[in-house]
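The values are calculated or read from the model by the stated rules, or taken from the named source; none is laboratory data. Everything quoted here is computed from the prediction, not taken from an experiment. Cβ sites come from the backbone with ideal geometry, for glycine too, and all protein chains shown count toward neighbours. Side chains included, ligands, DNA and RNA excluded: accessible areas come from the protein's heavy atoms. Shrake-Rupley method; radii C 1.70, N 1.55, O 1.52, S 1.80 Å.
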Amino acid sequence: MLPNLLFDFGGVLIDIDYDRTPEAFRRLSRAGRAAEYAQASQAELFDQFETGHLSPAGFRAGLRAAYDLDATDAQIDAAWHALLLDVPAERLALLGELRRTGYATALLSNTNALHIAEINRRLALKYGFKNGIADCLDRVFYSQEVGLRKPGEEIFRHALREMNWQPAETLFIEDSPQHIATARRLGLRVLHLAPPLTLTTALPEALRVFPREYPEPLAPTPA
């Protein structure tokens, strides 16, 4: 039986540079303040936006107040999008091949209305997609639409219920350790795409050894 595949978005399908957005906001801040936003944790303002409790206008207003921004909406959006890099074609090709082979696929992503719109715009321009990354998967679950976000357990349970998947039959592919920890606690198998692993280099082997887990890369030995 083929495992179900539950993908994260940022750092798995799309390349991300988390340092770029805080630095972009620092440059817009009259006080020289960097946004409290990182892979491991973030300020409540970002949680509220990623769970749909703030509109884009409310998010921008919150950023202006929190970080003393002297910026237009367009400048704020550009800073917010600075962390978004490329969606490599080989990853999209892999998704297509997996679906043709018979794998069930879904996306579980902490994201927000502005990033979704921007990524969809880029995918339409570069690849001709009509519905963004949803064109490559059976289902997408966005935190800002579900009203929940990782690493909370309930958003995982929501996705599993909606897909009618069992945790032990599901492989979760993710780059953030705190989200990996939740998935393991709930009984999902995981592929932790910690550097230098990438989707195209690690997933085929992870599928070959499933339900055993693909070994995480060893940390560098201190000099």
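Across segment 176-195, the number of residues qualifying as part of a loop (DSSP other than H, G, I, E, B) and not aliphatic (A, V, I, L, M) comes to 3.
For segment 132-150, the set of residues classified as in contact (Cβ under 8 Å) with a residue 24 or more places away in the chain and open to solvent by 50 Å² or more (accessible area, probe 1.4 Å) consists of Asp138, Arg139, Glu145, Leu148, Arg149, listed by residue number.
Scanning for something within 26 Å of Leu123 (Cα to Cα) and more than 19 Å from the chain's Cα centre (by Cα), does segment 30-47 turn up at least one residue?
no
Of all the residues in segment 48-76, those that are farther than 20 Å from Gly11 by Cβ and within 18 Å of the chain's Cα centre (by Cα) number 2.
Of all residues in segment 22-66, exactly one satisfies the criterion of being touching a strand residue (DSSP E or B) at 6+ places or on another chain (Cβ under 9 Å), over 17 Å from Gly152 (Cα atoms) and among the polar types (S, T, N, Q), namely Ser29.
Within segment 74-94, residues that are touching a residue at least 60 places away in the same chain (Cβ under 8 Å) and among the basic types (Lys, Arg) reach partners that are part of a helix (DSSP H, G or I) and surrounded by 18 or more Cβ atoms within 10 Å (Cβ to Cβ) with beta carbons closer than 7 Å, at six or more positions or on different chains, in the pairs Arg91/Leu199. For segment 137-156, which residues satisfy the criterion of being under 11 Å from Leu108 (Cβ atoms) and more than 13 Å from the chain's Cα centre (by Cα)? Across segment 137-156, the qualifying residues are Leu137, Arg139, Val146, Leu148, Ile155, Phe156. Only one entry in Leu114, Leu199, Leu171 is in contact (Cβ under 8 Å) with a residue 40 or more places away in the chain and within 22 Å of Phe46 (Cα to Cα), namely Leu114.
If the condition is being of a type in the set (D, E, K, R) and closer than 27 Å to Leu123 by Cα, then segment 63-93 contributes Asp73, Asp77, Asp86, Glu90, Arg91. Is it fair to say Glu174 is surrounded by 14 or more Cβ atoms within 10 Å (Cβ to Cβ), under 19 Å from Pro3 (Cβ atoms) and either in contact with a strand residue (DSSP E or B) (Cβ under 6 Å, 6 or more places away or on another chain) or of a type in the set (D, E, K, R) (or both)? For Glu174, the condition - surrounded by 14 or more Cβ atoms within 10 Å (Cβ to Cβ), under 19 Å from Pro3 (Cβ atoms) and either in contact with a strand residue (DSSP E or B) (Cβ under 6 Å, 6 or more places away or on another chain) or of a type in the set (D, E, K, R) (or both) - is met.
Out of all the residues in segment 2-37, which are over 17 Å from Gln75 (Cα atoms) and of a type in the set (Val, Ile, Thr)? Hits for segment 2-37 are Val12, Ile14, Ile16. Summed over segment 30-40, residues that are without any contact (Cβ under 8 Å) to a residue 40 or more places away in the chain, open to solvent by 60 Å² or more (accessible area, probe 1.4 Å) and of a type outside the set (Asp, Glu) total 2.
Of the residues screened, Ile16 is not one that is farther than 21 Å from Leu123 by Cβ, β-branched (Val, Ile, Thr) and either surrounded by 21 or more Cβ atoms within 10 Å (Cβ to Cβ) or in contact (Cβ under 8 Å) with a residue 40 or more places away in the chain (or both).
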